[in-house]
Each structure stands twice: as structure tokens, then as C-alpha cells.
Protein chains: 2
Amino acid sequence: MEKIFEYVQLWEFTKNVFISIGSSDEHAALAATGLLRADLRGIDSHGIARLTGYVRLWEAKRANTRPDIKLIHETPSTGVVDGDAGLGLVVSPFAMDLAISKAKNVGSGWIAVRNSNHFGIAAQHAMKALEQDMIGIVMTNGSALVAPTFSIERLLGTNPICVAIPAGDEPPFVADMATTTAANGKLEILQRKNQEAPRGWIQDKEGKISTNPHELKAGGALLPLGGDREHGSHKGYALGAIVDIFSGVLSGANYGPWVPPFPAFIPVPENMPGKGIGHFFGAMRIDAFRESSAFKKDMDQWLKRFRRASPAKGFDRVLVPGDPERIMEEERLKNGIPLMHAVEEDLGYLADRFRIPAPGL
Amino acid sequence: MEKIFEYVQLWEFTKNVFISIGSSDEHAALAATGLLRADLRGIDSHGIARLTGYVRLWEAKRANTRPDIKLIHETPSTGVVDGDAGLGLVVSPFAMDLAISKAKNVGSGWIAVRNSNHFGIAAQHAMKALEQDMIGIVMTNGSALVAPTFSIERLLGTNPICVAIPAGDEPPFVADMATTTAANGKLEILQRKNQEAPRGWIQDKEGKISTNPHELKAGGALLPLGGDREHGSHKGYALGAIVDIFSGVLSGANYGPWVPPFPAFIPVPENMPGKGIGHFFGAMRIDAFRESSAFKKDMDQWLKRFRRASPAKGFDRVLVPGDPERIMEEERLKNGIPLMHAVEEDLGYLADRFRIPAPGL
């Protein structure tokens, strides 16, 4: 049961909700644009479905809608930003703009962020670099759901990495991925449908591979990309760890099992060593390495070669990272965004509560 | 059948071989140290077993042992190095030193390299940053053995990523991994033993998952980390692609299916768009983000928490990336390096050919 909403309807509504919980007009617009970018790109788990979650974080006084976001340490190419417990959707554009500005000055810019919250999809932040003829790199840590190889403990978040690379005539390369075999959102879909999970996605509380999608509630864990040691899970574990250290340890945020969870009803961990959750943003100017036109010519050739590669039997064509999301974004901007009934109900609740018009009314 | 050699014996011999093919004394020492670092750390496929391969590259005039290595483009935090077709073992220390020197000046340094050759194990270059209280990041592309998700074509190398992160009292974090499910060296071991490969390592020429370790010779391909789409191979594919673009496209080296192969008997691809193979080196000063002592305190806590995590049944303990290699390095420095008989024979051949003493004589 899905109903279609126009992007602008959802944007107006989302902005009004953020204003209702105290955001400035400017911050509310930024947060609405950021949150809905996930819905546009088809990452429904990270979009407007999370709006009530943001409101609950604010209610729990864990998200500050009037943050004083500050650069607290810097060199010509690096820096650390303290997000003052602000929404990640607002803190992150500040940090990414700083990375871009440093790249303009000295070739590259790298900003670690502490004291932030969930920032939506990583791709939206990394893709800001594309407009400036730069490569964008974005990471964030999250609360622990993933067990390192050989362990039964959940010590890492799904810790995504995004890299966006500009091109000439071809659409750009945009890889945005959790460092687990499967994102938590995909598991939630199986839970709702009561379907088995493929082997390699999760383990039970004793560390055995399981296909029960409800295993996480029974002390199990998501698995790092690779699934088990024989299939390279130690590499997925290493990638998730790198994201955690760059985002959490380098910034002075929390890390590992101490990263506070997004759902406000789950208590924050005891003895947190840092502040909030952490992100990491990078920008590298293309012409800090090569003449931009020469790079773009080669990048176009790279993209064409991969997009036109011979597909295996049963597949139409070979994709480049970011292709499905780009096609979805064009489609949903034109034809609207479908929302599940449960999400529509959540929005109705928010409309009542803040006495603002529900979207589509 | 293995015989044990002392590190210094192998080092002297390897240095003499590099001098015999024209390297300066300084370059030969650098190359010997670099190559043998793989044997010390237990990555036998990348060490002295490849020495004859380097000699054949020089014979085929594809490796220049008197290179004029040059920084050809730079900004305060970035640059491109042309390796003049030199040995990657010699070009890479030059480039990594530059990255470190830029990081000293402006917080971080990023060097893309073109016109190089195989550089041994990535970890040795990244770990140079540790001594300077910096994070080291190293990538390289390689000739195409890996099929992108949904494709039957081999378009990417095993393209490793290495990240080395310093700590205080705890041993450092050093992740060094191919972006495939299994490194090519592991497949070669199965080929020799005629054993089946686990599902998810390779596919046949039609793109079907195969367990035949000889599949690569019959038009098959290695698979990206994840194995298949359901297990996240599109993420391994994206990682390998990022390494290829950073190393090859950003530097003006070759990329994708055009990267020249290491074995000199395989002809180089036609219409190569760039020069040689490409690498990417990065260094970030810890104190460009946070006070170094505060970072190290947190990093020690991170490492302790993961090293002391509860293991799953059947496992002794949880490892941090780099632990097995560090333990092996200590062991082999003390007790020597075992070489397979076939490798010992290769060294005997080189000793005869260049009229130098064979190791152990």
C-alpha cells in the first residue's frame, strides 16, 4: 500500500517539522533537502521514514536544533568541527563546505567531525564536491550492530563509505555503501515479510551464521562485507574499522561500542569516551593532480568501458556505482516519491502534533 | 619442502640481483628491503618469489633500473609523480616521502603516481607514516583479473587498499587487503594442490560461480569482495574501481583493462591510454586533527577493546588488522624465512646467471 507524493510537498512538510522543533529557517531547509535526497535516490530507509526519529532525538535532548557549529582545530588542509550536538543534516554541509574550501586553497581538504548526529545518506555530501570539479569522500560511524570477524560482540556500526568522482560527458561515479554485507534497512524488509536472510548477512549470539532475520534482537549481529573469514569478512571488518577510526577517534567523537544509537528509546552507552557520533569529509581538486580536461577525458573512457562491458547471462548490462540511484532520482523528481502507509501515518501524527498541514493536503 | 634462510642472507642476495640488472647501490638496497618486507610479513606471494619476475620485466625493457623519478605537478597538499618506468619498489618510497613531507607542511599530503611497476606489499609504504605520527594510506592498481558485478569481462586488478594508523602503547592498526574476496596468491595455492576453491572466489567465462581454481586460465575471473550481488559484490567492485581511478586516472597511468601485467611474457594491452601502472599515497598528520596524545589514548582504548572482544566458539581471540603480519614479522626476523624449493631453484638460477653467491652459501 503506497501513495505517491510530490517532492515539493514532502520538502515543505519536512521543513515545517524541523522549524517546529526549533531549527532556523535556513537550517530547516538544509535538513529537509538533505533528508529527502535519500527518498529521491531510492534509499527509503534513510529518508522521510526517519523524520519521527529525528523528532524523538530532539525530544530526548540528544539533538540540538540551535547548534553553534565550530571549527575547533585546523591546518591548511585539515580540521576538526564540533557539531554542538546538531543534526548531522545541518552539521555535515558546514563541514563538507570547509573541506571544499581548503581544497580550493591547498589542493585537498579533510574535516573530521565530532558531536554530531545521523547525517542522512553519505552521497549527498560527497556529491557537493562534483560541482567544484573535485572528488568527494565521506564516512560516518554509527551505533554498534556489526561483529568483527571471529567475535560474538557487536562493536562497529554499518559505517558507510562514499566516494564521488566527476567526469566529463558521462554521468559521474558515486559509490555509497555500508561496509557490511547487507545494510540494516534490507534486513528490516525481511523482518517485516518474515523471510529468510541469505547466508553471510547475519550471525546468531554464538557467532554462527544464521538466516533468521530477527537474530539481531536475540543478541546476534550483522556481518562485515564478506560474511565469514573464508569469504573475506576480515576485509569488511577492516573497512568498517577504518571508517570508525577516521570518523570517531580522529575527531574526538565516540567510537566502537560507545557510539550513541539513532533510536532515542535506546539508552546511550555508559562511559562514552567522546562526543556524539563522528563523520569524516574529504575533497580533492582534480586539477591539483592533472589538468581537469585530461582527467575527464580518461574518466569518460573509464566509465564508458565499464558501462558497456559484456554482461553475464541473465543480466541486461553492467552498472557503474551510482547508476541506479541517479536513474531513480530523475524518475522520482518527475513522477513523485512513493511512501508506505506506515510512513504516511507517521507524517500524519507529526502534522497533528505540530499543527502543520500534512503533505498532500 | 621448505628450507629456512636468514633475512640478511636473502637481503644481500636480492640487493646483488638488483645491482646486476643496473640499479644503483642505493636503489638496490631500497628494492631489496621493500621486496623482502613481504616475506617477513608472511605475504610470500609478493616477496622474493617474485624476484625473477622483476628481472624478466627488466629484460623485456618494461622496467627501468636507472629511472629519473620526477614530481611533475603539485599543490601544497597534492602532487603527481612520474616514475619513469622504474621499479615500484624504488618509485614508491620517493612518492610516500613526498606525501609525508607535504603532510608536515600543511597537515596532509596526497601523491598519485604514474609510469611505475609492481611495488611489493602496500603495507610497507603506508607504515612509513607511523614513524611520523601520521596515518598512511596506499593504493595501487594492477592488471585486470577481476570481473565487475554482472559482467563476464575482467576489467579490474586485485587493487589493494592499505591504511596504517598509529597508536600509543598498543601495536598499530595496519589493514592491507586486496579488494577481491580472495587474493590471487591464495588461488595459486589451490591450483598447485588441485583443490576446489570456495564459492564466491571465482566465476567461469560465462559469469557463473565456479569452484575450479583453474578457471582463470579458461576465461574466468576473480570476484570482487562479496562474491555475488546478494553478498555485496557491487561494494567490492566499487572499492576496486575507486583504487583504479585514484591510482590510474588521477595520475595519468593506465587503468581498467589497460593496466600492463606483471608477468613479462604476457603482452601489454593495445592502445594503452596512460603510462605504466599507477599508485596512490596519502599521509595525514594526527596532530593536524587532534593533540597527538589525546588521539593515542583513544586509539589505545579502541585497539584494546577490539583485541579483547569475546571470541566466537572455536576461535581463540579477535584480531585487529595487521596483527597476524606483525607477529609473523617478529618471528621471521628471529627465526628466518622459509622458502619453497621452487623459489630456491629460481634464486639458484639468478645466482648462476649474474655470477653472484646464492643465498645460504
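How charged is the neighbourhood of A:Glu291? Take every other residue with its Cβ under 13 Å from the Cβ of A:Glu291, and add Lys/Arg as +1 and Asp/Glu as -1. Combined, the nearby Lys, Arg, Asp and Glu give +1.
Overall shape of the protein assembly as shown was characterised from the C-alpha gyration tensor. The equivalent ellipsoid obtained from it has semi-axes of 43, 26, 25 Å, in decreasing order. Cα-based radius of gyration for segment B:14-166, normalised by 2.2 N^0.38 Å, reads 1.06.
Across all directions, the shadow cast by the convex hull of segment A:88-176 built on its C-alpha atoms averages 6.9 square nanometres. Once both labels are positioned 7 Å from their Cα atoms along Cα-to-Cβ, the gap between A:Ile209 and B:Glu331 label points is 2.7 nm.
Binning the alpha carbon pair distances of segment A:266-361 at 10 angstrom intervals from zero yields the distribution 10, 17, 22, 25, 21, 4, expressed in whole percent. State the percent of C-alpha pairs, over all pairs in segment A:157-257, separated by a distance greater than 15 angstrom. Every Cα pair in segment A:157-257 considered, those over 15 Å come to 66 percent.
Calculation over all alpha carbon pairs of segment B:270-317 in 10 angstrom steps from 0 returns a P(r) of 18, 22, 20, 21, 15, 3 percent. For A:Pro269, the point set 7 Å out from Cα toward Cβ sits 4.3 nm from its twins in the other copies, listed from shortest up.
For segment B:29-70, the alpha carbon positions stretch 31, 22, 14 Å along the principal axes, listed from largest to smallest. Annotation note: chymotrypsin sites (Phe, Trp or Tyr not before Pro) in segment A:186-276 located in DSSP loop regions with a Cβ neighbour count of at most 10 within 10 Å are A:Phe265.
Counting Cα-Cα pairs of chain B in 20 Å increments starting at 0 gives whole-percent bin shares of 28, 61, 11. In this structure, B:Ser310 and A:Asp316 have a Cβ-Cβ separation that, at R0 = 35 Å, corresponds to a calculated FRET efficiency of about 0.15.
Under a no-solvent Debye model with one identical scatterer per Cα of segment A:217-328, what's log10 I(q)/I(0) at q = 0.13 Å⁻¹? Log10 I(q)/I(0), no solvent term: -0.89.
What the Cβ-Cβ distance of B:Asp97 and B:Glu270 gives, at R0 = 25 Å and to the nearest 0.05, is a FRET efficiency of 0.10. Direction-averaged projected area, Cα convex hull, segment A:169-221: 4.6 nm², rounded to one decimal.
If you model segment A:219-268 as an ellipsoid using its alpha carbon gyration tensor, with each semi-axis the square root of five times an eigenvalue, the axes come out at 23, 16, 6 Å, biggest first. From the alpha carbon centroid of segment A:34-72 to that of segment B:10-56 is 53 Å. A simple count of charges around A:Leu40, restricted to other residues whose Cβ falls under 12 Å of its Cβ and scoring Lys, Arg +1 and Asp, Glu -1, yields -2. In segment A:1-49, inverting the average of 1/r over every pair of distinct C-alpha atoms gives 10.9 Å as the Kirkwood radius.
7 Å along Cα→Cβ for the label point: how many nanometres lie between A:Asp316 and each equivalent label in the other copies, listed shortest first? Nearest to farthest, the other copies are at 5.3 nm. On the beta carbon distance between A:Val8 and B:Arg62, with R0 = 60 Å, the FRET formula returns roughly 0.55.
Close amide-amide hydrogen proximity is noted between B:Ile337 and B:Phe5, B:Glu6, B:Tyr7, each under 5 Å apart and 5 or more residues distant or on a separate chain (H modeled in the peptide plane; Pro and chain starts excluded).
With label points defined 7 Å past Cα in the direction of Cβ, position B:Glu291 shows copy-to-copy spacings of 4.9 nm, given to one decimal and shortest first. Once Rg and the Kirkwood radius are both taken over the C-alpha atoms of segment B:131-211, their ratio Rg/Rh works out to 1.11.
Scaled against the 2.2 N^0.38 Å expected of a compact globular protein of N residues, the Cα radius of gyration of segment A:1-92 reads 1.19.
The stretch between A:Gln191 and A:Lys297 holds 33.6 nm of extra length on full extension. This uses 0.36 nm per residue minus the Cα-Cα distance. Per residue, the Cα convex hull of segment B:50-140 amounts to 82 Å³.
Across the protein chains, with a 1.4 Å probe defining accessible surface, the residues B:Trp110, B:Trp11 rank B:Trp11, B:Trp110 from largest area downward.
The values are calculated or read from the model by the stated rules, or taken from the named source; none is laboratory data. If you're wondering where the values come from, they're calculated on a predicted model, not measured in any experiment. As a convention, Cβ positions derive from the backbone with ideal geometry for all residues, glycine included, and neighbour counts pool all protein chains shown. Heavy atoms of the whole protein, side chains included, go into the accessibility calculation; ligands, DNA and RNA do not. Shrake-Rupley method; radii C 1.70, N 1.55, O 1.52, S 1.80 Å.
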